[in-house]
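To start, the structure under review is shown below, and the notes come after it.
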Amino acid sequence: MKKLVTIASWLFATGSTLLIAGVIYIYVVMVPELPSIDHLEDTQYQVPLRIYDRNETLLAEFGEHRRIPVKFDRIPRYLIDAVVSVEDDQFWHHLGVDFYALGAAVYEVATTGRKTRGGSTITMQVARNFFLSPEQTYTRKFNEILLALKIEGELDKEKIMELYLNKIFLGHRAYGISAASQVYYDKKLGDLTLAQAAMIAGLPKAPSKYNPISNPERALIRRNYILGRMRILDYISEDEFDLALNEPISAELHRTRTTAEAQYVSEQVRAQLFEQYGEEVYKAGLKVYTAIDGDLQSVANQALRRTLLDYNRRHGYRGVFGKIDIAEINEDPFDEDLITDQRIGGLRKGIVVSVDELQPAPEDGSSEAVLASATVLISNYEQVNVPFVDGIDWASRFIDVDNRGPKPEKVSDVLAIGDVVWLENRDSQWLLADVPRIEGALVSINPSDGGIQAMVGGFDYFKNKFNRATQARRQPGSNFKPFIYSAALERGYTAATIINDAPVVFDDDSLEATWRPENYSGKFYGPTRMREALVKSRNLVSIRILQSIGLRYATSYIRRFGFERDRMPYDLSLALGSGTFSPLQMARAYAVFSNGGYLVEPYIIDRVESGSGEVIFQHKAKTVCQDCELEDLDDLTAAEAAEEEAGLPTEQSTETAGLTEAEQLEVGELSEDEAGIVSEADAVLVPKYAPRVISAQNAFIMRSMMREVVQRGTAVRAKALGRKDIAGKTGTTNDQIDAWFSGYNDQVVTTSWVGFDNQRHMGNRETGGRAALPMWIQFMKAALDGRPENLQEQPEGLVTVRIDSETGKRADVDTRRSLFEIFREANAPRETVAKSSTNGSNGVVVNAPESEEEIVEDIF
């Protein structure tokens, strides 16, 4: 007996010593090594990058983790109860560790070798998810217990529950209950039913095994088990239990809901932020607010797609996508993987299941006439009707862009049962379609600050990610002529100057061969007023104007509009738009005419907020301000204007470069009022105003000329908008490779472009007015809806004079054909007798401006 007592005492002493040593080891060695939990109070979750339009509606989301953090007081109580019921029913009572459940789990493993119950509490799961690796070791489990105790000692239960419910993975990229609510039910948390909340509560244990989309049977069993636990724990009443138990599974996979397809915009924003922040951009929860108008973005998408589909229909049908044996179809061919439910640019794929030809109604009236049509099965086992008239009868066989086969007379000339086809749903009517090979772009900006309101870079981003609105460099053709004309106005030309529209031949070393330019019509029209030449887009007049004002001057002047010098060829082909520019560059340049002469900087990103809502970037746009110009560029030379745009120092800025604020005040560079708003980092005036690059008089005259392009010129189709404040210019390049239209009023500037990526011929009649203008019209109809018409006031320094329409001189009482023209006061015609002059040996310019400054002639 004494021996037994000795042994027991020894064991007790040894155990006590080991226990004390263990406790000391834990508190001296392990506890100090535990990670700090201070940051849990203000934890930053891995939240995706979200991009919004200017009205703060979602455009796109980037990141692996789809998460929407939510505060505890915004979580429905029945969802919390559901989670507690199945994950940790003692959560509100234990101190972080449920020793009874943990001991039971240890005993089970020790006696059976199997683990069927869990010993982890919600607090322990928080410790594991935030601090520990997923490895299954005793050391990690012990650290988990210690961390759970530490968390419980420093955080309240509500915060712990909030952390848990925002962190857990719930399948299909959904992290946290708020994201899961949207992914599975497309609902906010507060709108979930009890049954739906129980379904989400069942996911943390095994998001794949109990997933209502992947495994609905197992998910239903799990959901009902949780409802039963909630009833046992008295969280819900018997009636609530019965009602939830009988609710069918309603979960579906819901993608991120966006207001508009803006993939080209979103990708540009993503790339810009990734370059600055790296991989962190996908999990830092940044919110990017753009200048994009989501409604106009949707209109832009539709306008571009309809325009390209209409181009397709003008040139014929290339044939069906494929063919399958209709007998192989048992149920839904899309579910049976006979056809992929592919969608490109809004087009749907389908199978022709029946063809009905026209059957006139019998004379006895026993039945109605059967209209010719095809019935097509699309995804979700939905059958749609495609009428022959308008829906199919366009589908003559495509031969090439200038030739088509005979017009079909019946449905079976085009389609047969089993054909796999593309369909377009236009205005609730299904039409046979074909995925366009041609591409397009549209970009619209606010001329007062450069904000990009809508941008589409192609028919479908997922078909081709190349953003033609910003990345494509294409020849603008006649779309470039207004800048030549604007330069001429600065050289003393007027809208009434007469230029001879006659044949001309150039032997120029810079050109590959003798150049014989001609008008699109192939005709010559003789002496032509400059306004009329722009309205009718006369090529030869533009060439003669450029030849007269000189390439050196013209290229320097045109840089004022934001064009790069190296994109402009140094030869007379520049007059016909042989440079290469993007649609965005063209829109920016036209904005100068729209806003009265100021160069704005296009931008998409307005501001960026951190995950906590702090503004970490705010774009400061250079805005147009008529009454607060800091520097008027009217008096600058073309070279100085170009330097101003390029950011090069002018003579004045060189003198004060590097001076402090006080020193600049001393030399008179800054006023006292300006000095108070200059940053110490760099002497930049705030707010920033867009620089004036052409005079208000020049911009007004150019606008009046381009308004006539719309009213009676190459863009006459735009009169369909029913507005008189619209101005613009079409553009078509040689062999109809590119088609353009750029147009504006004082509130919106939009450029549209159509062409093949490999620069192929589009067809003999595919001019800017036919191929690109319809896209512009459809977009601008929405963009200008509700906006008042504004013809703008005529600026000072201009006069209106009645002139002879044939000579461009001031009209008198004997003038038979006269009209009113706008002139700068200094250039207004005073004589009434035509006086001819020549410019150069060929005598091609009549009534050329008389200027004290010699016009530099380049040798070609």
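The values are calculated or read from the model by the stated rules, or taken from the named source; none is laboratory data. Treat the numbers as computed from the prediction; the structure is a model and nothing was measured. Positions of Cβ are generated from backbone atoms using ideal geometry, with glycine treated the same way; all protein chains shown enter the neighbour counts. Just the protein is used for accessible areas: all its heavy atoms, side chains included, with ligands, DNA and RNA removed. Shrake-Rupley method; radii C 1.70, N 1.55, O 1.52, S 1.80 Å.
Scoring residue 616 on the criteria (1) in contact with a Ser or Thr (Cβ under 9 Å, 6 or more places away or on another chain); (2) under 30 Å from residue 45 (Cα atoms); (3) modelled with pLDDT of 95 or more leaves a single failure, condition (3). Among the residues of the stretch 308-319, count how many are assigned to a helix (DSSP H, G or I) and touching a Gly at 6+ places or on another chain (Cβ under 9 Å). Residues meeting the conditions: 5.
When the residues of the stretch 550-567 are filtered to those that are out of contact with any Phe, Trp or Tyr (no Cβ under 9 Å at 6 or more places or on another chain) and over 25 Å from residue 792 (Cβ atoms), the one that is least open to solvent (accessible area, probe 1.4 Å) is 550. Among residues of the stretch 785-813 that are under 18 Å from residue 825 (Cβ atoms) and modelled with pLDDT of 90 or more, those with a beta-carbon under 6 Å from a residue that is open to solvent by 40 Å² or more (accessible area, probe 1.4 Å) and among the hydrophobic types (A, V, I, L, M, F, W, C) at least six positions away or on a different chain give the pairs 800/820; 802/820; 809/834. Read through the list (1) in a loop (DSSP other than H, G, I, E, B); (2) at negative phi; (3) not basic (Lys, Arg), then give the number of the only condition that residue 197 fails. If we test residue 197 against (1) in a loop (DSSP other than H, G, I, E, B); (2) at negative phi; (3) not basic (Lys, Arg), just (1) comes out false.
Using the structure shown, decide if residue 569 is in a strand (DSSP E or B) and at negative phi. I'd like the intermediate steps shown before the answer.
Details: in a strand (DSSP E or B): no; at negative phi: yes.
Against the criterion (in a strand (DSSP E or B) and at negative phi), residue 569 does not qualify.
Just one of the numbered conditions (1) open to solvent by less than 10 Å² (accessible area, probe 1.4 Å); (2) closer than 30 Å to residue 595 by Cβ is not true of residue 448: (1).
Do you know which of the residues in the stretch 161-193 that are free of Cβ contacts under 8 Å to residues at least 40 places away in the same chain and open to solvent by 40 Å² or more (accessible area, probe 1.4 Å) is farthest from residue 65 (Cα to Cα)? Full working, then the answer.
Within the stretch 161-193, the subset free of Cβ contacts under 8 Å to residues at least 40 places away in the same chain is 169-170, 180-181, 187-188, 191.
From what's left, open to solvent by 40 Å² or more (accessible area, probe 1.4 Å): 169, 187-188, 191.
Values: 169: 9, 187: 18, 188: 18, 191: 23 Å.
Among residues in the stretch 161-193 that are free of Cβ contacts under 8 Å to residues at least 40 places away in the same chain and open to solvent by 40 Å² or more (accessible area, probe 1.4 Å), the one farthest from residue 65 (Cα to Cα) is 191.
When the stretch 409-425 is filtered for residues that are within 18 Å of residue 371 (Cβ to Cβ), of a type outside the set (A, V, I, L, M) and outside any loop (DSSP other than H, G, I, E, B), the ones remaining, listed by number, are 412, 413.
From the list 371, 377, 423, 432, which residue is at pLDDT below 95 and open to solvent by less than 10 Å² (accessible area, probe 1.4 Å)? Even if it seems obvious, please write down each step before you answer.
Details: 371 fails: open to solvent by less than 10 Å² (accessible area, probe 1.4 Å); 423 fails: at pLDDT below 95; 432 fails: at pLDDT below 95.
Testing whether each residue is at pLDDT below 95 and open to solvent by less than 10 Å² (accessible area, probe 1.4 Å) leaves just 377.
Evaluating residue 527 against the criteria (1) open to solvent by 10 Å² or more (accessible area, probe 1.4 Å); (2) in a helix (DSSP H, G or I); (3) more than 23 Å from residue 757 (Cβ to Cβ); (4) in contact (Cβ under 8 Å) with a residue 60 or more places away in the chain leaves one unmet condition, (2). Restricting attention to the stretch 245-258, does a residue exist that is touching a strand residue (DSSP E or B) at 6+ places or on another chain (Cβ under 8 Å) and farther than 22 Å from residue 182 by Cβ? No - not one qualifying residue is present in the stretch 245-258.
Scan the stretch 515-524 residue by residue and report those that are without any contact (Cβ under 8 Å) to a residue 40 or more places away in the chain and open to solvent by 20 Å² or more (accessible area, probe 1.4 Å). Reasoning before the result, please.
So the first thing to find is which residues in the stretch 515-524 are without any contact (Cβ under 8 Å) to a residue 40 or more places away in the chain, and the list is 516, 518-519, 521-524.
The answer is 516, 518, 521, 522, 523, 524.
Tallying residues that are of a type outside the set (S, T, N, Q), surrounded by fewer than 16 Cβ atoms within 10 Å (Cβ to Cβ) and part of a strand (DSSP E or B) within the stretch 340-355 yields 1. Within the stretch 579-596, restricting attention to residues that are open to solvent by less than 30 Å² (accessible area, probe 1.4 Å) and in a loop (DSSP other than H, G, I, E, B), the residue that is farthest from residue 551 (Cα to Cα) is 595. Scanning the stretch 368-411 for residues that are under 22 Å from residue 339 (Cα atoms), over 34 Å from the mean Cα position of the chain (by Cα) and hydroxyl-bearing (Ser, Thr, Tyr) turns up just one, 375. Determine the pairs where a residue that is farther than 23 Å from residue 77 by Cα and touching a residue at least 12 places away in the same chain (Cβ under 8 Å), located within the stretch 139-160, has a partner that is in a helix (DSSP H, G or I) and open to solvent by 50 Å² or more (accessible area, probe 1.4 Å) with Cβ atoms under 7 Å apart, the partner being 6 or more residues away or on another chain. Here the result reads 144/128, each pair linking the stretch 139-160 to a residue that is in a helix (DSSP H, G or I) and open to solvent by 50 Å² or more (accessible area, probe 1.4 Å). Selection over the stretch 292-307 of residues that are open to solvent by 10 Å² or more (accessible area, probe 1.4 Å) and part of a loop (DSSP other than H, G, I, E, B) gives a count of 1.
Inspect the stretch 125-136 for any residue being crowded, with 19+ Cβ neighbours inside 10 Å, hydroxyl-bearing (Ser, Thr, Tyr) and either out of contact with any Cys (no Cβ under 9 Å at 6 or more places or on another chain) or modelled with pLDDT of 85 or more (or both) and give the result as yes or no. No; the residues of the stretch 125-136 include none that is crowded, with 19+ Cβ neighbours inside 10 Å, hydroxyl-bearing (Ser, Thr, Tyr) and either out of contact with any Cys (no Cβ under 9 Å at 6 or more places or on another chain) or modelled with pLDDT of 85 or more (or both).
Checking each residue in the stretch 749-769 for being out of contact with any Lys or Arg (no Cβ under 7 Å at 6 or more places or on another chain) and either within 11 Å of residue 442 (Cα to Cα) or buried (at least 23 other Cβ atoms within 10 Å of the Cβ) (or both) picks out 749, 750, 751, 752, 754, 762, 766, 767, 768. Can you name the residue in the stretch 200-218 that is in a helix (DSSP H, G or I) and buried (at least 20 other Cβ atoms within 10 Å of the Cβ) and is also nearest to the chain's Cα centre (by Cα) among such residues? Once the filter is applied, the top-ranked residue is 200. The residues of the stretch 714-729 that are open to solvent by 10 Å² or more (accessible area, probe 1.4 Å) and within 26 Å of the chain's Cα centre (by Cα) amount to a single one, 721.
Within the stretch 802-809, one or more residues are surrounded by 23 or more Cβ atoms within 10 Å (Cβ to Cβ) and either touching a Leu at 6+ places or on another chain (Cβ under 8 Å) or within 30 Å of residue 315 (Cβ to Cβ) (or both). Selection over the stretch 219-278 of residues that are assigned to a loop (DSSP other than H, G, I, E, B), more than 16 Å from residue 51 (Cα to Cα) and not hydrophobic (A, V, I, L, M, F, W, C) gives a count of 9. Kindly indicate the residue of the stretch 388-420 that is closer than 24 Å to residue 334 by Cα and touching a helix residue (DSSP H, G or I) at 6+ places or on another chain (Cβ under 9 Å) and also surrounded by the fewest Cβ atoms within 10 Å (Cβ to Cβ) among those meeting that condition. Of everything passing the filter in the stretch 388-420, 417 is surrounded by the fewest Cβ atoms within 10 Å (Cβ to Cβ). Residue selection: residue 542 satisfies the criterion of being buried (at least 22 other Cβ atoms within 10 Å of the Cβ), among the polar types (S, T, N, Q) and under 15 Å from residue 481 (Cα atoms).
Considering only residues that are of a type outside the set (A, V, I, L, M, F, W, C), farther than 18 Å from residue 212 by Cα and in a loop (DSSP other than H, G, I, E, B), which ones fall in the stretch 145-187? Step through it out loud before you land on a result.
As a first pass, look at the stretch 145-187 and keep what is of a type outside the set (A, V, I, L, M, F, W, C): 150, 152-154, 156-159, 162, 164, 166-167, 171-173, 175-176, 178, 181-182, 184-187.
Remaining after also requiring farther than 18 Å from residue 212 by Cα: 150, 152-154, 156-159, 162, 164, 166-167.
Within the stretch 145-187, 156 is the sole residue that qualifies.
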